[in-house]
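The values are calculated or read from the model by the stated rules, or taken from the named source; none is laboratory data. Bear in mind the structure is a predicted one, so any value in this text is a computation, not a measurement. All Cβ positions, glycine included, derive from the backbone under ideal geometry; neighbour counts span all protein chains shown. When the accessible area is computed, the model is the full protein with side chains, heavy atoms only, and any ligands, DNA or RNA have been set aside. Shrake-Rupley method; radii C 1.70, N 1.55, O 1.52, S 1.80 Å.
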Amino acid sequence: MPKALMIAAPRSGGGKTTVTLGLLAALREQGIRVRGAKTGPDYIDPAFHEAVTGQPSFNLDSWAMPSPVLEGLLSSALQDTDLLIVESAMGLFDGLMEPEGARGAPSDIAARFDIPVVLVLDVSGQGQSAGAVAHGFATLNAHVRIAGIILNQVASPRHLAMAAGAVQSAGLPVLGAFMRDKTLVLPERHLGLVQAREQSELHTVLHRLADRTLKALDMDALLAVAKPLSVETASPIVAVSPPGQRIALADDAAFSFFYGHIAQSWRQAGAEIVPFSPLADEVPDPSCDVCWLSGGYPELHAGVLSSSRNFHHRLRKFAESRPVHGECGGFMVLGKALEDAQGILHPMAGLLGHVTSFAKRKINLGYREAVLRASCALGEAGTRFRGHEFHYAQVTDPGSDQPLVNLFDGTGKELGPAGGQRGLVSGSYFHVMAEWENRHD
């Protein structure tokens with residue numbers, strides 16, 4: 001039976017991603033059929049998982065995803081897999097304040113599916129206190145099992161002896177330790193790690209991570225803490241209904257934020273996804289009946305996108321008779337103009353009337369619930385979706401289009417109307433993760 005374990009930490013930046021990637025790479029080199037997953041909203045880390053394993057990665061979110069979607073994703077992932085490694089987001093217990101068990105916290109997923117947790121402890125700046133941290137995490141929630149500890153950022157053999165001894169005294173096994181290594185830091189930018197597809201030396205880095213992992217961890221002990229994961233056979237995943245039969249999907253370095261579970265949902269419903277690259281001045285296939293512009297980094301490629309005249313012209317023609325929808329970065333490109341970090345204003349598709357700016361930055365981050373004000377590519381008016389926002393760019397001129405959604409935060413607080421809609425064109429900063437069954441009036 002396939003097994004699973006979760007790699008978690010007390011906080012963001014504690015080393016979960018490098019540990020997860022090292023494990024995935026090392027296990028694959030040993031011939032184990034391994035697959036990755038990520039808790040919470042995240043596009044970037046699952047792409048790294050896929051680059052390592054050659055298998056699709058996916059997200060698990062206890063707040064944004066209904067139970068059938070969670071169960072369907074896990075059931076599907078266990079096919080042809082020996083070990084599923086779930087990388088947690090943020091800290092293990094971090095999420096909304098409520099509801100219990102559906103806060104969006106990684107611990108929700110661990111408790112619900114009885115997945116053992118391996119806790120990565122960054123022990124820089126502490127010694128024996130690592131034992132107290134490990135003990136606290138192990139005893140906070142009786143339904144979350146901390147199966148072992150990996151020490152990270154260890155400075156010396158003496159430092160290792162202090163921290164490991166304290167953790168073991170707290171009754172938890174130490175599965176290995178990573179010494180400090182400043183040469184194995186993955187590059188970052190404003191929304192997280194630089195994307196896997198943009199790193200030409202990624203294969204070399206992954207090989208080094210695999211070698212480092214095999215030397216630093218007790219791999220037999222780590223595999224022993226993984227637990228068989230049994231999920232009842234689920235019906236096909238219906239996270240978001242496909243917006244059409246043939247879907248033209250923007251897919252390149254500027255449009256890469258598209259959830260794998262949504263693609264899987266669309267394909268299981270019988271839809272076909274036809275990718276194209278706006279950065280290469282490609283256009284939606286004319287045989288498609290809808291176009292979807294994903295989120296990504298258009299602010300880093302504004303000049304190239306602005307000069308992609310063929311893309312602009314054909315997208316406008318497409319929108320005359322068929323729906324076009326943009327999420328976050330796609331929403332920015334659908335607008336009249338985009339101001340880059342240097343303050344240069346670049347004309348965009350002009351299918352919606354707003355102007356966005358990356359020069360005037362303010363972080364917008366958090367869970368969102370969106371209710372459609374009118375029917376569009378996403379669905380019928382009144383349909384409710386759950387997902388998130390994560391962007392720094394701001395709307396500096398809202399234009400005169402009708403708003404697309406009524407927006408709420410993760411606590412249910414009203415945030416007001418958002419996005420834009422004009423004819424068959426729609427878009428907003430909101431990233432959809434799943435449709436929710438009941439609806440607002």
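Scoring G399 on the criteria (1) assigned to a loop (DSSP other than H, G, I, E, B); (2) touching a residue at least 24 places away in the same chain (Cβ under 8 Å); (3) more than 26 Å from P278 (Cα to Cα) leaves a single failure, condition (3). Inspection of the stretch 56-78 identifies no residue that is among the β-branched types (V, I, T), under 12 Å from A37 (Cβ atoms) and buried (at least 18 other Cβ atoms within 10 Å of the Cβ). Looking at the structure I just gave you, is L92 within 18 Å of G366 (Cα to Cα) and not in a strand (DSSP E or B)? Yes, satisfied.
Which residue out of F318, F390 is aromatic (F, W, Y) and within 27 Å of W436 (Cα to Cα)? Matching residue, one of F318, F390: F390. Restrict the check to the stretch 26-40 and report whether at least one residue is hydrophobic (A, V, I, L, M, F, W, C) and open to solvent by 20 Å² or more (accessible area, probe 1.4 Å). Yes, the stretch 26-40 contains at least one residue that is hydrophobic (A, V, I, L, M, F, W, C) and open to solvent by 20 Å² or more (accessible area, probe 1.4 Å).
If you go through the stretch 366-408 and pick out every residue that is surrounded by 21 or more Cβ atoms within 10 Å (Cβ to Cβ) and among the β-branched types (V, I, T), you end up with 1. Apart from one condition, T81 fits all of (1) open to solvent by 40 Å² or more (accessible area, probe 1.4 Å); (2) in a loop (DSSP other than H, G, I, E, B); (3) over 21 Å from A111 (Cβ atoms); the exception is (1). For the stretch 312-330, a residue qualifies if it is surrounded by 24 or more Cβ atoms within 10 Å (Cβ to Cβ) and under 19 Å from G244 (Cβ atoms), and the qualifying residues are L315, V324, H325, G326, E327, G330. Here R322, R267 are screened, and the one residue that is farther than 22 Å from G40 by Cα and not in a loop (DSSP other than H, G, I, E, B) is R267.
Under the condition of being hydrophobic (A, V, I, L, M, F, W, C), within 22 Å of E369 (Cα to Cα), open to solvent by less than 10 Å² (accessible area, probe 1.4 Å) and part of a loop (DSSP other than H, G, I, E, B), the residues counted in the stretch 95-123 number 1. Is it fair to say M65 is touching a strand residue (DSSP E or B) at 6+ places or on another chain (Cβ under 8 Å) and part of a loop (DSSP other than H, G, I, E, B)? Here the answer is yes, as M65 does meet what is asked. I'd like to know if the stretch 118-128 contains one or more residues that are at pLDDT 95 or above, in contact with a Lys or Arg (Cβ under 7 Å, 6 or more places away or on another chain), closer than 30 Å to F58 by Cβ and not acidic (D, E). Yes, the stretch 118-128 contains at least one residue that is at pLDDT 95 or above, in contact with a Lys or Arg (Cβ under 7 Å, 6 or more places away or on another chain), closer than 30 Å to F58 by Cβ and not acidic (D, E). Report whether or not D181 is closer than 22 Å to L21 by Cα, open to solvent by 50 Å² or more (accessible area, probe 1.4 Å) and either in a helix (DSSP H, G or I) or touching a Lys or Arg at 6+ places or on another chain (Cβ under 8 Å) (or both). Judged against the criteria, D181 is a match. Pairs under 7 Å by beta carbon, first residue in contact (Cβ under 8 Å) with a residue 12 or more places away in the chain and open to solvent by 10 Å² or more (accessible area, probe 1.4 Å) in the stretch 43-54, partner among the hydroxyl-bearing types (S, T, Y) and assigned to a helix (DSSP H, G or I), six or more apart or different chains? Note: pairs meeting the criteria are D45/T17.
The residue of the stretch 409-420 that is least open to solvent (accessible area, probe 1.4 Å), among those that are under 29 Å from S321 (Cβ atoms) and in contact (Cβ under 8 Å) with a residue 60 or more places away in the chain, is G420. Within the stretch 203-233, restricting attention to residues that are open to solvent by 50 Å² or more (accessible area, probe 1.4 Å) and among the β-branched types (V, I, T), the residue that is modelled with the lowest pLDDT is T233.
Close contacts from the stretch 258-275, counting a first residue that is buried (at least 18 other Cβ atoms within 10 Å of the Cβ) and a second that is not aliphatic (A, V, I, L, M), with Cβ to Cβ under 6 Å and a gap of 6+ residues or different chains, come to F258/S294; G260/P56; G260/F58; H261/F58; W266/P242; A271/P242; A271/Q245.
If the condition is being open to solvent by 70 Å² or more (accessible area, probe 1.4 Å) and outside any helix (DSSP H, G or I), then the stretch 130-145 contributes L140, A142, H143, R145.
For first residues located in the stretch 323-340 and closer than 12 Å to T396 by Cα and modelled with pLDDT of 95 or more, partners that are open to solvent by 10 Å² or more (accessible area, probe 1.4 Å) and polar (S, T, N, Q) and lie 6+ apart or on another chain with Cβ distances below 8 Å form the pairs L338/S306; E339/T396.
Annotation: of all residues in the stretch 193-202 being of a type outside the set (V, I, T) and open to solvent by 20 Å² or more (accessible area, probe 1.4 Å), the one that is modelled with the lowest pLDDT is S200.
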